[in-house]
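Comments concern the structure below.
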Amino acid sequence: MPNLRTGGKILIDQLAIHGVAYVFSVPGESFLAALDALFDTPSIRFITCRHEGGAAMMAEAAGKLGGRPGVAFVTRGPGAANAMAGLHVAEQDETPMLLLVGLPPNGFEGRGAFQEFPLERMFASFVKWAAVVRDAGRIPEFVARAMHLSTSGRPGPVVLGLPEDVLEAVVDVSDAKPWRALDIAPPPDQLTALWGMLRDAEQPICIVGGPGWSRQAEADLETFASRFDLAVATAFRAQDYIDNRHPSFAGHLGIGIEGKLAAAVRSADLLVVIGAPLGEISTGGFTLLDPANPRQRLVHVRPSPDALNGLYQADLPIVATTAAFMRALASLDPPALRPWATLRRDLRLACEVWARPAGTARGLSLARCIELASEKLAEQTIVTNGAGNYAGFLHRHFSYKGFRTQIAPASGSMGYGLPAAIAAKLLQPSRPVVAFAGDGCFLMTAMELATAVQYSLPVVVIVSNNGMYGTIRMHQERHYPQRVIGTSLVNPDFASLARSFGAHGERVTHLDEFEPALNRAFASGGPAVIELSVDPEAITPQQSISALRRANI
């Protein structure tokens with residue numbers, strides 16, 4: 001019996017077979033055939049977004065949260081270019097993602113067709129695979145390969161181009177088999193070698209991050225850390241890989257690392273790095289470990305050989321997926337003597353002290369608001385954010401209680417928080433979702449508030465308004481004190497802006513107003529924005545603009 005279908009129907013059927021539940025898109029005429037096929041595929045929900053950058057960020061966040069590629073549709077030319085922001089997040093964050101781009105018909109290629117662009121040359125330099133499907137009969141093959149490549153080894157984004165005539169063609173083709181994730185266990189002899197290195201160590205530290213984690217992997221990590229009485233630090237924006245209340249949690253290797261933790265990493269005699277890629281931020285600008293010749297013995301666990309020894313030469317490189325490695329690690333028995341227990345205790349104490357807000361703000365304190373949110377929000381709340389100095393307050397003063405309570409871009413992409421919150425609420429509707437944003441960060445994707453309203457998604461956005469691009473202003477004050485240019489912002493009334501979208505909106509000017517406003521935001525039953533009118537003087541959790549200026553006099 002022939003299985004005749006249009007290319008658009010074949011594409012949608014393949015996405016359904018591979019377990020795709022949501023497609024994020026700004027609709028374009030170049031893939032109308034695929035949109036028509038979605039009409040009869042109730043297992044996939046099509047989410048109409050307001051900008052391709054927001055759609056791509058939603059797909060990336062869906063990949064982070066679901067562990068399988070998030071999918072975005074965009075049209076050619078400007079649509080594809082706009083989506084590059086989300087692709088860059090996926091590449092830097094090692095997130096599985098699939099971007100599908102509608103293209104002009106095959107017969108128009110090379111003729112200067114409307115919005116024509118060289119897809120493979122444009123994307124191939126930084127995605128795992130970029131290809132154009134020129135035959136509708138090969139759509140199952142290409143989609144299956146894309147799903148596999150996106151998730152295998154070091155995960156990342158894949159881009160497929162789909163010409164209009166390919167999506168409209170009618171062909172007889174069989175479906176591909178469902179994609180299956182790889183699970184690579186560590187060799188027993190390497191586990192034995194790791195145990196011996198731990199037995200001989202006096203000041204070991206475990207660093208966790210990167211792809212492939214799960215709630216079970218987090219539980220296995222906590223079991224291992226407790227049994228070995230070992231200090232665990234998380235890589236940049238991987239704070240939720242261990243419950244921050246756990247006695248082994250020693251802090252976050254992010255921007256502005258706590259001093260004792262930084263010193264301990266430098267002086268450690270053994271680093272057990274699980275999953276984390278050891279990038280610029282988590283290594284303090286490549287100063288905590290010397291790239292040429294690290295003084296610490298290094299055990300590095302990564303999901304593929306090409307993700308190891310590119311910069312730091314490990315004493316024990318281990319190729320394993322995180323989940324499989326953590327299962328094996330949780331079964332190890334600790335050595336009889338653990339001289340590093342004192343280090344674990346001291347780093348934990350320093351972490352707890354570091355998390356307490358300092359008194360730098362004269363008006364509304366962002367640090368105090370975040371501390372209060374950490375205390376009052378349900379433990380399973382998903383907290384998202386983009387980039388900016390406000391995030392330094394969040395990462396320092398918010399306690400993440402479990403895996404995937406934090407969705408944030410290791411790439412440092414502004415505007416990420418709201419799109420990520422929308423994706424999180426769609427994928428896990430029973431969990432509360434709160435996005436933190438700065439005033440500059442929020443307005444980069446604020447149009448997606450309309451998406452949240454359209455789909456009745458009760459996400460709460462907390463906007464820290466200090467009237468500036470805070471990160472750049474901080475560096476400006478350090479290097480060019482009192483010569484302010486290009487960093488001051490004139491902002492709208494964010495609460496009124498939210499109400500104009502049909503969302504709930506409030507403005508908070510005093511700390512005692514914050515908790516009631518947060519309660520009302522959740523009680524509104526829909527999207528909500530809380531604007532915090534914070535003190536612009538408190539530029540970082542520990543420093544004021546005035547102090548920066550005085551230091552440069």
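Among the residues of this structure, Glu91 does not count as one that is modelled with pLDDT of 95 or more, assigned to a helix (DSSP H, G or I), surrounded by 24 or more Cβ atoms within 10 Å (Cβ to Cβ) and among the charged types (D, E, K, R).
Based on this model, can you work out whether Gly526 counts as open to solvent by 50 Å² or more (accessible area, probe 1.4 Å), under 22 Å from Val433 (Cα atoms) and among the small types (Gly, Ala, Ser)? For Gly526, the condition - open to solvent by 50 Å² or more (accessible area, probe 1.4 Å), under 22 Å from Val433 (Cα atoms) and among the small types (Gly, Ala, Ser) - is not met.
Could you grab me the full set of residues in the stretch 499-516 that are of a type in the set (A, V, I, L, M, F, W, C), under 22 Å from Asp535 (Cβ atoms) and open to solvent by less than 50 Å² (accessible area, probe 1.4 Å)? Val508, Phe514 - these are the residues of the stretch 499-516 that are of a type in the set (A, V, I, L, M, F, W, C), under 22 Å from Asp535 (Cβ atoms) and open to solvent by less than 50 Å² (accessible area, probe 1.4 Å). With respect to (1) out of contact with any Gly (no Cβ under 8 Å at 6 or more places or on another chain); (2) acidic (Asp, Glu); (3) farther than 25 Å from Tyr455 by Cβ, the lone exception for Glu91 is condition (1). Scanning the stretch 344-355 for residues that are among the charged types (D, E, K, R) and either over 28 Å from the mean Cα position of the chain (by Cα) or open to solvent by 40 Å² or more (accessible area, probe 1.4 Å) (or both) returns Arg344, Arg345, Asp346, Glu352.
Per-residue answers, yes or no, for (1) part of a loop (DSSP other than H, G, I, E, B); (2) of a type in the set (S, T, N, Q); (3) at pLDDT 90 or above; (4) over 29 Å from the mean Cα position of the chain (by Cα):
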| position | (1), (2), (3), (4) |
| --- | --- |
| Ala323 | no, no, yes, no |
| Leu329 | no, no, yes, no |
| Pro334 | yes, no, yes, yes |
| Thr342 | no, yes, yes, yes |
| Gly359 | yes, no, no, yes |
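When Ala358 is tested against the conditions (1) open to solvent by less than 10 Å² (accessible area, probe 1.4 Å); (2) touching a residue at least 60 places away in the same chain (Cβ under 8 Å); (3) under 25 Å from Leu548 (Cβ atoms), the lone failure is (1). Note on the stretch 42-88: residues that are more than 28 Å from Gly153 (Cα to Cα) and open to solvent by less than 10 Å² (accessible area, probe 1.4 Å) total 3.
The criterion of at least 2 residues that are among the aliphatic types (A, V, I, L, M) and either within 24 Å of Arg404 (Cα to Cα) or touching a Pro at 6+ places or on another chain (Cβ under 7 Å) (or both) is met by the following helices (runs of 4 or more DSSP H) wholly inside the stretch 1-74: 7-17, 52-66.
Screening the stretch 14-41 for residues that are farther than 20 Å from Thr75 by Cα and under 28 Å from the mean Cα position of the chain (by Cα) and picking the one that is surrounded by the fewest Cβ atoms within 10 Å (Cβ to Cβ) gives Gly19. Of all the numbered requirements in (1) part of a loop (DSSP other than H, G, I, E, B); (2) of a type in the set (A, V, I, L, M, F, W, C); (3) open to solvent by 70 Å² or more (accessible area, probe 1.4 Å), Ala538 misses one, and that requirement is (3).
Checking every residue in the stretch 401-419 against the condition of being among the hydrophobic types (A, V, I, L, M, F, W, C) and over 17 Å from the mean Cα position of the chain (by Cα) gives zero matches. Among the residues making up the stretch 41-69, those that are among the hydroxyl-bearing types (Ser, Thr, Tyr) and farther than 18 Å from Met447 by Cβ are Thr41, Ser43.
The values are calculated or read from the model by the stated rules, or taken from the named source; none is laboratory data. These figures come from a predicted structure and were not determined experimentally. Cβ sites come from the backbone with ideal geometry, for glycine too, and all protein chains shown count toward neighbours. All accessible areas refer to the heavy atoms of the entire protein, side chains included, with ligands and DNA or RNA removed. Shrake-Rupley method; radii C 1.70, N 1.55, O 1.52, S 1.80 Å.
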